[in-house]
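Any read-out appearing in this document is the output of simple, stated calculations on the displayed coordinates, not a laboratory observation. Keep in mind it's a predicted model, so treat the numbers as computed, not measured. Don't worry about glycine lacking a Cβ; one is built from the backbone with ideal geometry, like all the others, and counts go over all protein chains shown.
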Amino acid sequence: MASSMAIPMATEGNLSRYLQEIRKFPMLSPEEELALARRWKEEGDERAAHKLVTSHLRLVAKIAMGYRGYGLPVGELISEGNVGMMQAVKRFDPERGFRLATYAMWWIRAAIQEYILHSWSLVKMGTTAAQKKLFFNLRRLKAQMSALEDGDLKDEQVAKIAHRLQVPEQDVINMNRRLASPDHSLNAPVRADSEGEWQDWLVDDGENQEDELAERQDMSNRRDLLAGALKTLNERERHILIERRLKEEPTTLEELSQQYGISRERVRQIEVRAFEKLQKSMKQQVAERRLTVG
């Protein structure tokens, strides 16, 4: 479906024109949306799917705009959100009784956040679930405190954010400084009238290259193990596990039970089973690698 749809492309150069263009696509009434969704689900009508996607492009743009503070091109955020929108249409069940927009918001946000996480360096991003949660919520909480444009946070602000997100105060301080510091070229001059570059002033007091390389390799191995283990799950298990265990703001059991038309207890059981299968697969992969090396 996704490959055959002619969806307008959003780039930085034509962003204003893109936003004007997507306003031309009409919003759908509940009755129109239901009829189109049924045509797509029951008959595979790609024109119906295309109308469902294009009628929600404004929603994608609105959500993407909320992630502008991460220093990535808005056009790329919108494009990734559009991919999430297509995935939502592909999986949407019109008989569940809720609107497509309600369901699609999860897919749009997930696609955009996944893109952001992959685009930021590990040094900036952090890797644990708590750090990812902090990464995506720090700007919002600072805005609520009217501290979005401030540099270092006040002690009471740090304490409040740490308590809200259940993370150490030092993590809040570190993440705030990372988000506030844009990347600069080390070859940039220290002053406009100087020949010296920033790299001339750097002192390497960190780990040596061997240790750093080993740490990166270890992180890469863990990611490979997780990716391989996720493939052993079926689509529902994988989706529920990601929503419940791998997102910075876990989806509630109630929300997932509504999406799948099952009880909250059944969602919990699937989550636990999927996690156990994930652990088993990762352990098996580690054992197989050791045998190969041996």
Seminar exercise, completed: For region 158-175, Karplus-derived ³J(HN,Hα) couplings (6.51, -1.76, 1.60; θ = phi - 60°; whole Hz; x for glycine and proline) come out as 4, 4, 5, 5, 4, 5, 4, 9, 6, 10, x, 4, 5, 5, 5, 4, 5, 5
Exercise. Using unit Cβ charges (K, R positive; D, E negative) and no other charged atoms, how large, in debye to the nearest 20, is the dipole of region 213-289 about its Cα centre?
Worked result: 280
Problem set entry | For region 2-119, radius of gyration divided by Kirkwood radius, i.e. Rg to Rh on alpha-carbons | 0.97
Seminar exercise, completed: A chain fully extended from Ile173 to Ala101 at 0.36 nm per residue, minus the present Cα-Cα distance, gains in nm 22.3 nm
Exercise. Too long at a 20 Å Cα-Cα cut-off: which of Lys231/Lys283; Lys51/Lys90; Lys133/Lys160; Lys51/Lys247; Lys90/Lys133?
Worked result: Lys51/Lys247; Lys90/Lys133
Seminar exercise, completed: Treating only Lys and Arg (+1) and Asp and Glu (-1) as charged, each at its beta carbon, one finds that region 13-52 has a dipole about its Cα centre, in Debye to the nearest 20, of 240
For this session: Determine, for Met175, Met27, Met105, Met145, the number of other Cβ atoms within 10 Å of each Cβ, and report the residues in order from fewest to most.
Result: Met27, Met145, Met105, Met175
Exercise. Say each of Met65 and Gln20 gets a label point 7 Å from the Cα, pointing the same way as Cα to Cβ; how far apart are those two points in nm?
Worked result: 1.6
